[in-house]
Amino acid sequence: MLIAYGTRYGSTEEISNKIAEILERKGFATQLLDLKNTEEREWPPLKFFQGVLVGSGIRGGKWVKEPKKFLEKNEEFKSKTKIFGLFISSGYASFPEKKPEIEKDYLEKVMAKLGVEADIYSPFGGLFDFSESSRMNFFEKKLLKTVLLRLAKDMKKQIDEKTRIDLRDWDEIHRFAEDFAKILS
């Protein structure tokens, strides 16, 4: 089982690790592939995997480029010869009322554009990391802080701007991994 992902700030990577952990507990051998830090020539052939999950972070309304490239370059996704799942991590997917729109815009439209069809797909919420160890630069932190403070007001929540604000639903991610395991079985 291969989990290939592209992450901007680490949220998609953390989700990928959690899904791998769940699948391994279910008895599936998994391999993680960080598409941003792995050259295309080093991608493993998909023929060695029973199934493939592809995950992407979303920023500014766009996928990380490497997962899209991975989907475009592997014909197995277009010919449906692999069990295939897809997920994204997006701050806006943290809000239940936004999920149908996010699913349509960032998963269904992308699949249609790339000519692929996933057996399972889902948008997951995001992570806003303003801590010292954050992968964001100063300007990204400023921009996201403005957005997050507006969202916090809508959610009627207090936000500590110097920490990691995790808006992902880990139970939902767990269910997704369990459902993918059922498809693989």
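The values are calculated or read from the model by the stated rules, or taken from the named source; none is laboratory data. Every value quoted in this text rests on a predicted model; they were computed, and no experiment measured them. Counting neighbours? That spans all protein chains shown, and the Cβs are built from the backbone with ideal geometry, glycine included.
Residues to consider are Tyr92, Tyr9, Tyr106; find the one that is closer than 19 Å to Gly125 by Cα and part of a loop (DSSP other than H, G, I, E, B). Full working, then the answer.
Values: Tyr92 fails: part of a loop (DSSP other than H, G, I, E, B); Tyr106 fails: part of a loop (DSSP other than H, G, I, E, B).
The unique qualifying residue is Tyr9.
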Given the residues Gly6, Gly51, which is the only one that is more than 22 Å from Leu184 (Cα to Cα) and in the same structural domain as Leu86 (by TED's automatic domain parsing)? Gly6
Quick one: what pairs do we get from region 92-119, first residue assigned by TED's automatic domain parsing to the domain that holds Lys73, second among the aromatic types (Phe, Trp, Tyr) and modelled with pLDDT of 95 or more, C-beta under 6 Å, 6+ apart or different chains? Ala93/Phe124; Leu107/Tyr121; Ala118/Phe84; Asp119/Phe84
For the list (1) modelled with pLDDT of 95 or more; (2) not in a helix (DSSP H, G or I), I need the number of the one condition that Thr81 fails. (1)
Looking at (1) buried (at least 17 other Cβ atoms within 10 Å of the Cβ); (2) basic (Lys, Arg); (3) modelled with pLDDT under 65, which is the only condition Lys157 fails? (1)
Here the residues within region 62-78 that are farther than 19 Å from Phe49 by Cα, outside any helix (DSSP H, G or I) and in contact (Cβ under 8 Å) with a residue 24 or more places away in the chain are Trp63, Val64
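Might you check whether a residue that is outside any helix (DSSP H, G or I) and at pLDDT 90 or above occurs anywhere in region 128-142? So that I can check it myself, show each step before the final result.
We begin by selecting, within region 128-142, every residue outside any helix (DSSP H, G or I); these are 128-137.
From the residues that got through so far, the ones that are at pLDDT 90 or above too are none.
No.
Taking region 3-32 as the search range and keeping residues that are over 25 Å from Ile165 (Cα atoms) and surrounded by fewer than 20 Cβ atoms within 10 Å (Cβ to Cβ), which one is farthest from the chain's Cα centre (by Cα)?
Quick first cut of region 3-32, residues over 25 Å from Ile165 (Cα atoms) only: 23-31.
Now narrow it down to the ones that are surrounded by fewer than 20 Cβ atoms within 10 Å (Cβ to Cβ): 24-31.
Numbers: Glu24: 19, Arg25: 20, Lys26: 21, Gly27: 22, Phe28: 20, Ala29: 20, Thr30: 16, Gln31: 16 Å.
Per the stated criteria, the residue is Gly27.
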Residues satisfying the stated conditions in region 79-109, i.e. closer than 15 Å to Gly55 by Cβ, of a type in the set (A, V, I, L, M, F, W, C) and either surrounded by fewer than 20 Cβ atoms within 10 Å (Cβ to Cβ) or under 13 Å from the mean Cα position of the chain (by Cα) (or both): Leu86, Phe87, Ile88, Ala93, Ile102, Leu107
